[in-house]
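The values are calculated or read from the model by the stated rules, or taken from the named source; none is laboratory data. All figures in this text were calculated on a predicted structure; none of them were measured in a lab. Heads up, the Cβs are rebuilt from the backbone with ideal geometry, glycines too, and the neighbour counts pull from every protein chain shown.
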């Protein structure tokens, strides 16, 4: 009798596990996907770490964020694991950068939507003008204000009961962005019109915002040719540029060669920092030092 009871209990446990496992599938089949996950938060997927900061800044304690491309990875070549894609596909909302030159999003979004056709995709770049070949719109505080507003609209649409909470967080965040913008302008005072060399074009939107010129070694995302490198070296000498900025996770060989030719060094910068304000402050300080030399 005890063996029979144990068997029944085991079957009950297995059935319970199966029900839990099939719950998401049943929700999809019947077209029911709640705004809030079992955690009590809205599951939201994003493409890059800075977006996670934006969503968390506005969504606060009501959101749980999952990131497609981790910090330190090359956004152009990173390959997410199958487990990561499964976890991302459980999200209620996907917040995409939305720039036309970010193929990673179009490549993997289709996979996520196949797994979860009820996922809502939010284009946070709606209303922006883009630079050719540069998806890094989050490096411009002005454009991040547009991003933040688009995120807030999406959250209110999916969770109208907390619209006042999201509106309050948005207002505070926009005020902080204005403060950050003023700090950057003060830090770069007198540098308007200056130029810096970088291996991969990742700070063009930042440069545009503060009237600074970004000179990338790469040509349309490909390693610079010998002629291109010689052109950059000649230009750098005329402008008195010695150091070369490099993005974490990228091949530095061409950058080191250019810096050596100029008698300078390579300096690592990170446009994918999850702590977005600190990331921009760190880059500003680095740029200010590079432009002094």
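Only residues that are touching a helix residue (DSSP H, G or I) at 6+ places or on another chain (Cβ under 7 Å), modelled with pLDDT of 50 or more and surrounded by fewer than 22 Cβ atoms within 10 Å (Cβ to Cβ): list them for segment 22-52, please.
The answer is 35, 41.
Of the conditions (1) part of a helix (DSSP H, G or I); (2) in contact (Cβ under 8 Å) with a residue 12 or more places away in the chain, residue 121 fails just one. Which one is it?
(1) is the only condition that residue 121 fails.
Whether any residue in segment 205-217 is modelled with pLDDT under 95 and assigned to a helix (DSSP H, G or I) is what I want to check.
No, segment 205-217 has no match at all.
Applying the selection to segment 89-110, what residues are assigned to a loop (DSSP other than H, G, I, E, B) and touching a residue at least 40 places away in the same chain (Cβ under 8 Å)?
Applying the first criterion (assigned to a loop (DSSP other than H, G, I, E, B)) to segment 89-110 yields 90-92, 97-102.
Hits for segment 89-110 are 90, 91, 92, 97, 102.
Check 113, 85 and return the single one that is surrounded by 14 or more Cβ atoms within 10 Å (Cβ to Cβ), in a helix (DSSP H, G or I) and touching a helix residue (DSSP H, G or I) at 6+ places or on another chain (Cβ under 7 Å).
Going through 113, 85 in turn, just one is surrounded by 14 or more Cβ atoms within 10 Å (Cβ to Cβ), in a helix (DSSP H, G or I) and touching a helix residue (DSSP H, G or I) at 6+ places or on another chain (Cβ under 7 Å): 85.
Is one or more of the residues making up segment 182-203 assigned to a helix (DSSP H, G or I) and loosely packed, with under 13 Cβ neighbours inside 10 Å?
Within segment 182-203 (the criterion being assigned to a helix (DSSP H, G or I) and loosely packed, with under 13 Cβ neighbours inside 10 Å), the answer is yes, since at least one residue qualifies.
Here is a yes/no grid of residues against (1) free of Cβ contacts under 8 Å to residues at least 60 places away in the same chain; (2) more than 25 Å from residue 146 (Cα to Cα); (3) crowded, with 18+ Cβ neighbours inside 10 Å; (4) not assigned by TED's automatic domain parsing to the domain that holds residue 74:
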position: 206; (1), (2), (3), (4): no, no, yes, yes
position: 210; (1), (2), (3), (4): yes, no, yes, yes
position: 226; (1), (2), (3), (4): yes, yes, no, yes
position: 231; (1), (2), (3), (4): yes, yes, no, yes
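For segment 51-79, what are the residues that are assigned to a loop (DSSP other than H, G, I, E, B) and on the phi < 0 side of the Ramachandran plot?
Quick first cut of segment 51-79, residues assigned to a loop (DSSP other than H, G, I, E, B) only: 68-79.
68, 69, 70, 71, 73, 74, 75, 76, 77, 78, 79 - these are the residues of segment 51-79 that are assigned to a loop (DSSP other than H, G, I, E, B) and on the phi < 0 side of the Ramachandran plot.
Give segment 124-135 a look and list any residue that's more than 21 Å from residue 202 (Cβ to Cβ) and within 16 Å of the chain's Cα centre (by Cα), or say none.
The one that is more than 21 Å from residue 202 (Cβ to Cβ) and within 16 Å of the chain's Cα centre (by Cα): 126.
May I ask you to verify whether residue 128 is under 22 Å from residue 271 (Cα atoms), outside the structural domain of residue 209 (by TED's automatic domain parsing) and not in a loop (DSSP other than H, G, I, E, B)? Spell out how you get there, then give the answer.
Numbers: under 22 Å from residue 271 (Cα atoms): yes; outside the structural domain of residue 209 (by TED's automatic domain parsing): yes; not in a loop (DSSP other than H, G, I, E, B): no.
Answer is no for this residue.
Right, residue 176: under 30 Å from residue 152 (Cα atoms) and touching a residue at least 12 places away in the same chain (Cβ under 8 Å) or not?
Taking the combined requirement at face value, the residue satisfies it.
Name the pairs whose Cβ atoms lie under 8 Å apart, with the first residue in segment 244-258 and in the same structural domain as residue 225 (by TED's automatic domain parsing), the second part of a helix (DSSP H, G or I) and surrounded by fewer than 20 Cβ atoms within 10 Å (Cβ to Cβ), and 6 or more positions between them or separate chains?
Partner pairs satisfying both residue conditions: 244/256; 244/262; 245/286; 254/229; 257/229; 258/229; 258/233.
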